[in-house]
Amino acid sequence: MGDEQKATPSRVTGSTFFRLFNGDLHVSNDSGEANQGNAQNYVTIPGKPTDDSKVIFKEKVICKLAEQVHDQKPLASNREKNLVLAIRSAAWRMGLLIPKGKENDYKKGTRYNECKEMSQANTDACYETKEELKRLHELKGDGAAAAITAAVSAGIAENKYDWLDEDLQSRIEDQATNILCLIAYVFRARGHHYTEDIKGVYADKWEKNRNADNDLIKESDWQIIATRGAHAILPTKLDEFYLASAAENKCCRAYMIRVNVPCAGTAFYFALLAGLDEVRLIYGKHLGKFEGDIKKLKDICDDLSTKRWKGGINRIYYGGEAYNGKESTFAALAAVVFGTNSAEEVESELKNAKSLERVAKNAPLAMAAYRAYASGFYNMLQTSEGQAYLGEGAVKTVFGQRDETREIGDAKNNT
């Protein structure tokens, strides 16, 4: 997958934009994930069996992958071990783990965990003939359990994997596509697999998965899942999987409609453009003097929309182009948007938009003026004349009492 793929970011306008701003158009981070290699962090995965007629025996693969959870920093609990193992084994079964030396079809990838192929002997030990699998699974009762246990435990010390939770492994497997698509979305929109301020994004977006096993993942689990579990997947491979899952309707709709959100590093431009849509609704006459800048902003957004990772803070992992535009060019426009939305009376997530604030500070007088103007406008709207002027519904929409039925996911707004 390269930058030549056209991807149109979702357009988010009006109060919906402000309500969901820091989930889908986050502009406070200006640095991506470091490319930190660590020879001690590796995941050993099975290759192909010597005999192509043999087929995979899942229980053996799980036990082999389980060996890796002890090779990094100690995991704190059996639950953490099971979460890491479940994500890695699901990713392996879906072909998402690329062993070192075989990444030629992929651009630069982070080296959080090296993926290494097992020795041929260990690989062969993960496979069985179809006849042997059939015999194992046709056995009944204790005989079947004993036979499978013996097969899985071959060459493994007794009780070495007594922490394995088969129920948790199975439940994670059932939700693996949605879990990995959510991680891919967060990495695209926020620039990191996990930071403390991202924890709430995972929890919020997981709730939007209508088919979610709600008791499966706790908010505190996401750090382990997204880092120790998913760091074994090259960013390019994870993004390809997300795009394919969305295109083939394999992930939940909440993640499908977010597949093309602006990548971290470019969101400032899309956020400013979307913010101007709402400013135009209330203070439209003030934007006439900025028409040239607004056109330039739209052209930039159109350009960034044609290349999926152009300008992104993690573009190095995708072969994305750099974008050399200067945000300060739009200081006056940023001052209008940030000034009007940072007034004390206005409830807006834009108050927390650090990049927008940083650029707006290049036009401090304009920012202060529009903040004061917004305060005065709000106070005017509290009068009966103001209510009549704009309409009670519009007042509620602008100043915090928003229509919660409006949703970023409306398909017609994401094309």
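Read the figures in this text as sums done on the coordinates, not as results from a lab. Since the structure is predicted, the reported quantities are computational estimates derived from the model, not experimental observations. Here Cβ is always computed from backbone atoms with ideal geometry, including for glycine, and neighbour counts include all displayed protein chains.
A few remarks follow.
- Packing, as the average of other Cβ atoms within 10 Å across residues, places the peptides 261-268, 87-94, 366-373 in the order 261-268, 87-94, 366-373, highest first.
- Largest-first ellipsoid semi-axes for region 208-268, taking √(5λ) over the Cα gyration tensor eigenvalues, angstrom: 20, 17, 13
- Counting every pair of alpha carbons in region 163-266, the share spaced more than 16 Å apart comes to 55 percent.
- Cut-off under 5 Å, modelled amide H: who pairs with residue 310 long-range: 321
- With a threshold of 21 Å on the Cα-Cα distance, the over-threshold entries among 208/310; 60/134; 60/81; 81/205 are 208/310; 81/205.
- Peptides 220-231, 277-288, 239-250 ordered by average Cβ neighbours within 10 Å, highest first: 220-231, 239-250, 277-288
- Between residue 130 and residue 168, the simple spin-label model (points 7 angstrom out along Cα→Cβ) gives 3.6 nm.
- Radius of gyration and Dmax over the Cα atoms of region 284-338, both given in Å: 13.6, 43
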